[in-house]
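Here's the structure, in structure tokens; my notes come after.
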Amino acid sequence: MKTDFLVIGSGIAGLTYVIKIAEKFPNKKVLVVAKNQESNTQFAQGGVAIVQNDSDSFKKHYNDTLLAGDGLCDEEIVEMVIKEGPNCLAEMVDWGVEFDLNSGGYFDLGKEGGHSENRVVHYKDITGAEISRAMHLRLKKLKNVTFLTNHFVVDLISDHHLQIEKAKNKRT
Ligand SMILES: Cc1cc2nc3c(=O)[nH]c(=O)nc-3n(C[C@H](O)[C@H](O)[C@H](O)COP(=O)(O)OP(=O)(O)OC[C@H]3O[C@@H](n4cnc5c(N)ncnc54)[C@H](O)[C@@H]3O)c2cc1C
């Protein structure tokens, strides 16, 4: 098979890339390969931690994350992920993902272990399944995307590997 873009994995990471690339290049082919129908994304329950209101701040979320990470976090990545949170949430809402709202019409923010503030947006306790549902619905509208499920990627051979082979053959 020939494709312009090959995406391995159909969890939230893979599908986010697929939606963006397939919508940006409607004339290019996107092939998604996944080893099974399910992913961890579908099983995520509690929700997604995102700074949402004035009583919270990126700094508080950052400090909570480093504390919970106990020295294992890459601080630059933590900062980037936390700051991108509100944009990603807006993107998910635009894709049709539903999140629970409180009586005032704002996101119903849960508080989970390790967080000093209420900042967990969720859809009941099946947030991952709701995110997957909305993403797959959006993907169905994209004619340039093909899915191959039950396909296990064993090895990736890139130009880099072919060049090594060529160099070896030259030597012998
Ligand atoms: C029970 C549970 C509850 C969770 N609750 C939360 C929560 O409340 N909040 C939260 O933020 N996070 C939660 N998580 C974590 C969250 O689900 C993951 O961090 C997130 O879904 C990872 O997304 P991903 O796209 O990177 O990977 P995944 O969703 O794991 O997707 C990986 C994809 O790669 C494919 N793949 C892997 N290897 C191969 C291969 N060799 N060949 C072909 N395909 C391959 C898989 O088939 C799959 O499609 C939870 C996880 C679980 C399991």
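A compact table of results
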item: Angle between the chain longest axis and helix 127-140 axis [Cα atoms, degrees, rounded to 10]; result: 50
item: Ellipticity estimate at 222 nm from DSSP helix runs (n ≥ 4, -39,500 (n - 2.57)) divided over the chain, nearest 500; result: -14000 deg cm²/dmol
item: Most mobile listed residue (GLY69, GLY14, GLY96) in the chain, GNM with C-alpha springs under 10 Å; result: GLY69
item: Convex hull volume of the range 46-125 per residue (C-alpha atoms, cubic angstrom); result: 97
item: Under the Karplus curve 6.51 cos²θ - 1.76 cosθ + 1.60, θ = phi - 60°, whole-Hz ³J(HN,Hα) for the range 84-96, x wherever Gly or Pro sits; result: 7, x, x, 5, 5, 5, 4, 5, 5, 4, 5, 6, x
item: Under 17 Å from the Cα of LYS143 - aspartates and glutamates, other chains or at least 8 residues apart; result: ASP4, GLU23
item: In degrees, nearest ten, helix 12-24 long axis to first principal axis of the chain (Cα); result: 70
item: Separation of the GLU91 and ASP4 label points, Cα + 7 Å toward Cβ, nm; result: 1.9
item: Over the chain, volume per residue of the alpha carbon convex hull, in Å³; result: 167
item: Restricting the range 89-134 to GluC sites (Glu not before Pro) in coil, as DSSP defines it, with at most 15 other Cβ within 10 Å; result: GLU98, GLU112
item: Mean separation of Cα contacts under 8 Å (6+ apart) over length of the chain, as relative contact order %; result: 33
item: Residues of the range 79-110 with amide N under 16 Å of the 7 Å Cα→Cβ point at LEU137; result: 91-101
item: Within the chain, longest stretch clear of exposed trypsin sites (Lys or Arg not before Pro) (DSSP loop, no more than 13 other Cβ within 10 Å); result: 29-110
item: Cα centroid separation, the range 94-146 to the range 45-88 (Å); result: 17
item: Karplus 3J(HN,Hα) series, Hz, for the range 52-58 with 6.51 cos²θ - 1.76 cosθ + 1.60 (x for Gly, Pro); result: 10, 9, 5, 6, 9, 7, 4
item: Proximal lysines relative to LYS111, as straight alpha-carbon distance under 18 Å, when same-chain residues fewer than 8 apart are discounted; result: LYS59, LYS60, LYS124
item: Distance violations [Cα-Cα > 24 Å] among LYS20/LYS166; LYS29/LYS141; LYS28/LYS141; LYS28/LYS168; result: LYS20/LYS166; LYS28/LYS168
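We did not get these values from a lab; they are worked out from the coordinates using the rules stated. Here the structure is a predicted model, which means the values were calculated and not measured. For neighbour counting, all protein chains shown are included, and Cβ atoms are generated from backbone atoms with ideal geometry for every residue, glycine included.
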